[in-house]
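Report on the following structure.
Just so it is clear, none of the values below were taken in a lab; they were calculated from the coordinates. Keep in mind it's a predicted model, so treat the numbers as computed, not measured. Heads up, the Cβs are rebuilt from the backbone with ideal geometry, glycines too, and the neighbour counts pull from every protein chain shown.
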Amino acid sequence: MIDLPRPNHPLELRTLDNGLRVVLHPDRSLPLVAVNLWYHVGSKNEPAERSGLAHLFEHMLFQGSQHVGTNDHFRYVQQVGGVANGSTSFDRTNYYETLPSHCLELGLWLESDRMGFLLPAMTAEKLETQREVVMNERRQRVDNQPYGRAFERLHELVYGDSHPYGRPIIGYMDHIEAATLEEMETFFRSYYLPNNAVLTLAGDFDVDAAFAAVERYFGGIERGPRVERGRAPLEPIDGERRDVLEDHVELARVYMGYRAPGVVADGWRTADLFAAAWAHGKSSPLYRDLAHDRQLVQDVVAWVLPTEIAATFVVVATARPGVDIERVEAALAEHLDRAATEPLAGVELERARLRFETSYLDRLQTLEHRAETLSRMTTYHDEPERIDSEIDRYRGLTADHLVEFAAGSLRPEQRSLLRVVPRGEAG
Amino acid sequence: MSRAPATVDRSVPPVPGSPRPFRFPRFERVELGGDAALWAARKPDAGLVHFDLVLPGGAAFDPRGKSGLSSLTAALLDEGTSSRSSHEIAAAAERLGGYLDIRTSWDSVTLATGVAAGRAGTALELLLEVAGDPTFPQDEVVRLRQRTLAEIRRRRAVPASLAARQFSRALYGRTVFGRPLTGTAESVAALERDDLDAFYRERLAAAPVTLIAAGDFDPAELRTSVRRALAGLTRRRGEPQPAPEPPVPGGVRVYLVDRPQATQTELRVGHVGLPRRHPDFVAASVMSSLLGGKFTSRLNLNLRERHGFTYSIYSRFGARRGPGPFTIASAVATDSAGRAVEEIRGELERLRAEPPTAAELDETRSYMLGVFPYTVESLEGVSRRLREIAVHDLPLDYWDRYPAALEAVTPTDIRRVARDHLHPDRLTIVAVGPEQALRPQLEPFAEPIVWRPAEQPEPA
């Protein structure tokens, strides 16, 4: 039944003397090149009272470096027809550009300048403006959105506030307000190091020439101290955790969160396939029963947030008007209980696996996504070739693996349950 | 920690090499009879195929009092055919490893699917069955109508949705663009199975039909397999789209959408724009990109980077067959809403007063030219560009000529299109946030008209 082509990306992994790992994936079909830089640092490396520091710092990296003017990063990229952005998560921060291929060196110049020469350009004035921007970002994404606080609260429940995964990536407002320039500098010196980064180039270039250019731009940046991969210990979950948020929403919604194996372990793929098999698509068991047949919910989705120390398995369902949220919770729990004992039919698993494989290949059509995948595989596994073998890892999973996952990780006493309800309906 | 000296001259950006040329992917257009056409862009090594079946229709055809009809009819297409139930259709699509995605815009209904190349034939059969033989089962109609009503209700809590609702209502009044694409609670509640069935027969089952195929397929095989199916789908050309009704005139108007608890203000500023087919559309898009289409645009550098009022701001000319909206959108700190509007108005006036420098225009054109290949990396991206040609009746070589069209835009063209298509003297300003804090800031622009969604489901 499986007839998809197995991906086969030409690639090389080379390492500079300063420890920078460089992944090179040539593809000359379009005159484009993707530059993708992962720093293995994220919000989990922040001090507890400075949530949001890593993300605010990401903003500062677009404010110029010693040889690049304040708003010139985007200017240089956009004026040659490139796109650029960055993002911060719990474990890593990425910076990326897609450029016309004849401008590859521009990307290397910009990225190496902020890796090696950021501090001379970082000023208190720039920090103040970006602090305002980020506070507006928080309002836009969190505080002024219906259900906006839900994920923050769910993570607090799943991990507790003593664990870095229990604190929001964007940061609490008072923490954003308190961050100082000195803290930014310390953060930079500790983590923004060639030996804590992976640089991926994907697209239209000659491998040797491109690597020589990488050496010219990055080779002179000095290696920093070794970054300790501290793993903040997870406090045990000793029973179900619950909370209710009242919010300005029209429809009640329930969030269930569980801890799953972290991305470095193979186990998280089981969680990922479990989510796809049970809740992706109109013919999945959860959607079909809750949304279509019983019409208890507007929608139901499940996914795994792939983080390093542990991953988070999440199920979210929005109640139809007039449906008691408790009925929705009971229906979800019923399915998850069943999942822990009854293996899915072969056809259901096959459907999930095929959908996973097709969408995996679909996403790899763009250089940007390929480069991102290569950086991820190298950061977490030191093995960029996993871009091709990833599908095999899913093919090895059976219905019994999914049962094992549900029985081991989705038990009622392991659950964090958050209800978001319209104002005045907390009961 | 000290950093070693650079091994390259870092003081200036590197000199670029010579650009490699880019051509928009070739495609062939095959007439299939019955006013149906196949547009095929082949990419033999892709391993995947993407299909877009574009039907004439869309929310611009919703009759008065029945807004949301096109959207609901389209949503029902894959909820039952003569030979398959809703479940069976969903299961069939998902067993192919793909999806069946149905989207309604103002000007078209598109059924999309993407699968591995080996499954293209089966996926296409399913797509054509769904488009050609829907039965609109009563229980599925009721279920999706309820779901749509709940979705309309959910959006009443979303600041951006409230802003968009008030903005289109203010721009277009009670004409078709002034009504929501998915309908109002009142109009959707009144839609019956017979309405859907009739709309399907009169509109979606009519000609012209365009099937866009992108990816890894055998062109001859594809032509044979779709010829009969597509021709059977269409019977006659539908009635022409009603002429767009005249926009509501007026000077500067301020609308406050009261959300007393809001911690930020959603802003929409703009007016009626121009149709996609207007000869100025490309020049206007360049102008809009310079104004608010990229990070280094004037609006972003001013409101975000200079003032810190917002996380993001953009401007856009909506691409419709009729005159779509010109929109500037942002979420700003509530205490800076008045200053933000003042800065926005200032930027519009500046564009009308003086042409941009050659350097600024050059930067903008290079950006648009450079990102063009980036937007057609995926099969879906190629298909989207072809769809734009089909829906808007653009010349078939539109994307081949697009780079030259961009190159031809001059600074004085920008000032001319700014004068013709930007109207700071008749701006509609919508602010969703706490009325009490916003009123004094926005009163200087015009006496605010207030909508309280907690009391009124729709703006007046």
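Binning the alpha carbon pair distances of region A:42-153 at 5 angstrom intervals from zero yields the distribution 2, 11, 18, 21, 20, 13, 8, 5, 1, 0, expressed in whole percent. Going by neighbour counts of Cβ atoms within 10 Å, the residues A:MET60, B:MET287 line up, fewest first, as A:MET60, B:MET287. If both residues of a DSSP beta bridge must be in region A:241-422, then about 75% of such bridges are antiparallel.
Ranked by the mean number of other Cβ atoms within 10 Å per residue, highest first, peptides B:306-316, B:215-225 order as B:306-316, B:215-225. Around the Cα centre of region B:253-451, unit charges on the Cβ atoms of Lys, Arg, Asp and Glu (plus for the first two, minus for the last two) sum to a dipole of about 320 debye. Only beta bridges with both residues in region B:28-233 are counted; by DSSP, about 80 percent of them are antiparallel.
Each of B:ASP393, A:ASP91 has some number of other Cβ atoms within 10 Å of its Cβ, and from fewest to most they run B:ASP393, A:ASP91. Take the alpha carbon gyration tensor of region B:135-197, find the square roots of its eigenvalues, order them as a ≥ b ≥ c, and report rounded if a/c is under 1.5; if not, report prolate when a/b exceeds b/c, else oblate. Oblate. On a C-alpha basis, how far is the centre of region B:126-140 from the centre of region B:92-118 in Å? Whole number, if you could? Value for the Cα centre distance between the two parts: 14 Å. A helix-only calculation puts chain A at -12000 deg cm²/dmol for mean residue ellipticity at 222 nm, using -39500 (n - 2.57) for each DSSP H run of at least four residues, averaged over all residues. The tail of the calculated P(r) for region B:253-451 beyond 32 Å holds 21 percent of all Cα-Cα pairs.
Placing +1 on the Cβ of every Lys and Arg and -1 on the Cβ of every Asp and Glu, with nothing else charged, gives region A:12-218 a dipole about its Cα centre of roughly 320 debye. For chain A, the alpha carbon convex hull comes to 144 Å³ per residue, rounded to a whole number. Could you tell me the distance between the Cα centroids of region A:85-109 and region A:308-354, to the nearest Å? With region A:85-109 and region A:308-354 each reduced to a Cα centre, they are spaced 37 Å. Which of B:VAL30, B:PRO434, B:GLY68 sits closest to the plus end of the dipole of chain B, meaning its Cα is farthest towards the positive end, when Lys and Arg get +1 and Asp and Glu get -1 on the C-beta? Working it through, the farthest residue towards the positive pole turns out to be B:PRO434.
What is the distance in Å between the Cα centroid of region A:124-148 and that of region A:172-223? Between the Cα centre of region A:124-148 and that of region A:172-223, the gap is 24 Å.
Across region B:62-205, Cα-Cα pairs more than 24 Å apart make up 36 percent of the total.
Along the axis of the charge dipole computed for chain A (Cβ charges of +1 for Lys and Arg, -1 for Asp and Glu, origin at the Cα centre), the listed residues A:LEU119, A:GLY52, A:THR358 are led at the positive end by A:THR358.
Each of B:ALA404 and A:SER389 was given a label point 7 Å from its Cα along the Cα-to-Cβ line. The distance between the two points is 5.2 nm.
Net length available on complete extension from B:VAL450 to B:HIS87 is 126.1 nm, with 0.36 nm assigned per residue and the Cα-Cα distance removed. Mind checking the log10 I(q)/I(0) for the protein assembly as shown at q = 0.05, 0.07, 0.09 Å⁻¹? Debye, one equal scatterer per Cα, no solvent, two decimals. Cα-only, vacuum Debye calculation for the protein assembly as shown: -0.28, -0.58, -1.05. Per residue, the convex hull spanned by the alpha carbons of region A:281-427 comes to 154 Å³. Within the same chain, lysines fewer than 8 places from A:LYS126 are excluded, and of the rest, those with a Cα less than 30 Å from its Cα are A:LYS44, B:LYS294. Per-residue ellipticity at 222 nm for chain B, helices alone: DSSP H runs ≥ 4 residues times -39500 (n - 2.57), over residue total, nearest 500 deg cm²/dmol? Calculated mean residue ellipticity at 222 nm is -12000 deg cm²/dmol. Highest mean first, the peptides B:63-71, A:7-15 sorted by other C-beta atoms within 10 Å per residue fall in the order B:63-71, A:7-15. Considering only A:LEU290, A:LEU251, A:THR307, the residue lying farthest towards the positive end of the dipole of region A:184-332 is A:THR307, judged by Cα position with unit charges set on Cβ. For the protein assembly as shown, DSSP calls about 75 percent of its internal beta bridges antiparallel. In terms of overall dimensions, the C-alpha atoms belonging to chain B reach 65, 61, 51 Å along their principal axes, ordered largest to smallest. State the percent of C-alpha pairs, over all pairs in region A:178-234, separated by a distance greater than 14 angstrom. The answer is 69 percent, as a whole percent. Fewest neighbouring Cβ atoms within 10 Å first, the residues A:TRP38, B:TRP106 line up as B:TRP106, A:TRP38.
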